[in-house]
1. Return the residues of segment 314-363 that are in a loop (DSSP other than H, G, I, E, B) and in contact (Cβ under 8 Å) with a residue 60 or more places away in the chain; say none if nothing qualifies.
2. Report the residue count in segment 199-228 for those that are open to solvent by 50 Å² or more (accessible area, probe 1.4 Å), modelled with pLDDT of 65 or more and over 23 Å from Ala275 (Cα atoms).
3. Read through the list (1) modelled with pLDDT of 95 or more; (2) at positive phi, then give the number of the only condition that Gly168 fails.
4. Could you identify the single residue in Ala143, Ala111, Ala150 that is in contact (Cβ under 8 Å) with a residue 24 or more places away in the chain and part of a strand (DSSP E or B)?
5. Which of the residues spanning segment 229-247 are free of Cβ contacts under 8 Å to residues at least 60 places away in the same chain and surrounded by fewer than 20 Cβ atoms within 10 Å (Cβ to Cβ)?
6. Scan segment 305-359 for residues that are hydroxyl-bearing (Ser, Thr, Tyr), buried (at least 23 other Cβ atoms within 10 Å of the Cβ) and over 17 Å from the mean Cα position of the chain (by Cα) and report the count.
7. Looking only at segment 63-83, which residues are part of a helix (DSSP H, G or I), over 21 Å from His177 (Cβ atoms) and open to solvent by less than 30 Å² (accessible area, probe 1.4 Å)?
Amino acid sequence: MGEVSSSDPGTGPGRLGGRDSRFIHLDMGQRREGAVDARTMVLSLDALQAPFEALYLAHYRAMREIGRHVTEPGVALVAVHVPTCSLAGRAWVAAKPGQPTALIFGRHSRADLMVEDPGLSLRHLALVSHPPTGWEPGAMRFAVHDLRTASAFEDERGRRLEAIVAEGPALFSAGRHALFAFPTGDPSAWPELATDAWAMWPERVYVAERSAEPDRWRRGPHAAPRRTRDGQTLITSIPGVLRAEDRLRLDGEPSLGTLRISTERGQRRYEIGAAAALARGVLVGRYPRCEGADLLTDAHVSRAHVLLLRVAERVWAIDTASTGGTSPASRPGQPRRVIALDEGPLVLGEHRATLEWVTPRAGDRSRS
């Protein structure tokens, strides 16, 4: 499966031909050069609340191009620069049976959907599609995780979000950009007229996960979806990625496994509980907000390098557009966006660090 990543207007969904698992189309002339490590500005998003309907109508053709041409199940993300009402970029990632797929949104030149926005961190959001439980047209669930940034992101009413799980199209904003995320696979859902399409856009029903169903939260946001009426999208707000000071395993909580981070400076072991930690996400990298920051001091390891999540009963490492990449130790120099931790040790950034996931034996788990 290949990848298209370009700002060339000729590169787009029509190039897929069933061979590519993703495409990236930058529409404002962004150039993938070195990342600029400028200070992120904390903008007042109250003044930037996106008139989503107007932006949708203005750029419906670009969204329809994805919806009509991409017949494979997957998730698309379209970014619109609110102050100028300009289309900033489009990205799509295919669904894969048995594993998640991911898109990274931010200011970094290696982000999948890269935008020039002082209100964003270099690596701001990770959109993670969940493995489909069926292959019905347009039936996709995906999550959006803030990567422990200062501003996070907001829903269409300006309410702060740290992470969501969406079971249909979703609208949100980050920095100066409005973001439209939607499943693909049903070309019939894209009529000719933009006004007709907006009228068909599902109503969003927001639920706070922890206050709604604590038992389901402990099973994680990847449990079976709730029922909503036809024409609605259920958007579940969940707590965000853990901070470095948060506990990875609570008192009395069974151990899901142990994460080992090894570098030339030494090794750290992090025992992780079986309930909420990996449903929320654990971030590994050089920044103080990440696990392993005291060991991962080499510049070849990115500030926010990988996000660890539990999806479909497995623990996954999602490379967050790192500079050096994340590769299986068995295949060094062959970086991948998403890798299951149980495949074996992973190498971060030119062999500067390794991650290894060790699961407890049945007897150890029962005694935990």
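1. Initially, segment 314-363 is screened for residues in a loop (DSSP other than H, G, I, E, B), giving 320-325, 329-337, 344-345, 349-352, 359-361.
Across segment 314-363, the qualifying residues are Thr320, Ala321, Ser322, Thr323, Arg337, Arg352, Thr359, Pro360.
2. 3
3. So the condition that Gly168 fails would be (1).
4. Numbers: Ala111 fails: part of a strand (DSSP E or B); Ala150 fails: part of a strand (DSSP E or B).
None of the other options fit; the residue is Ala143.
5. Of segment 229-247, the ones free of Cβ contacts under 8 Å to residues at least 60 places away in the same chain are 229-231, 242, 244-247.
The answer is Arg229, Asp230, Gly231, Ala244, Glu245, Asp246, Arg247.
6. 0
7. To start, the set of residues in segment 63-83 that are part of a helix (DSSP H, G or I) comprises 63-69.
Checking the rest, the ones that are also over 21 Å from His177 (Cβ atoms) come to 68-69.
If the condition is that a residue be part of a helix (DSSP H, G or I), over 21 Å from His177 (Cβ atoms) and open to solvent by less than 30 Å² (accessible area, probe 1.4 Å), then no residue fits.
To keep it simple, each residue is scored yes or no on (1) at pLDDT 95 or above; (2) aliphatic (A, V, I, L, M); (3) over 12 Å from the mean Cα position of the chain (by Cα); (4) closer than 29 Å to Thr195 by Cβ.
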site	(1), (2), (3), (4)
Ala58	yes, yes, yes, yes
Ala62	yes, yes, yes, yes
Thr71	no, no, yes, yes
Val78	yes, yes, yes, yes
Arg90	yes, no, yes, yes
Gly119	no, no, yes, no
Ala139	no, yes, yes, yes
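The values are calculated or read from the model by the stated rules, or taken from the named source; none is laboratory data. This is a predicted model, so every value here is computed, not measured. Here Cβ is always computed from backbone atoms with ideal geometry, including for glycine, and neighbour counts include all displayed protein chains. Note: areas computed on protein heavy atoms with side chains; ligands, DNA, RNA excluded. Shrake-Rupley method; radii C 1.70, N 1.55, O 1.52, S 1.80 Å.
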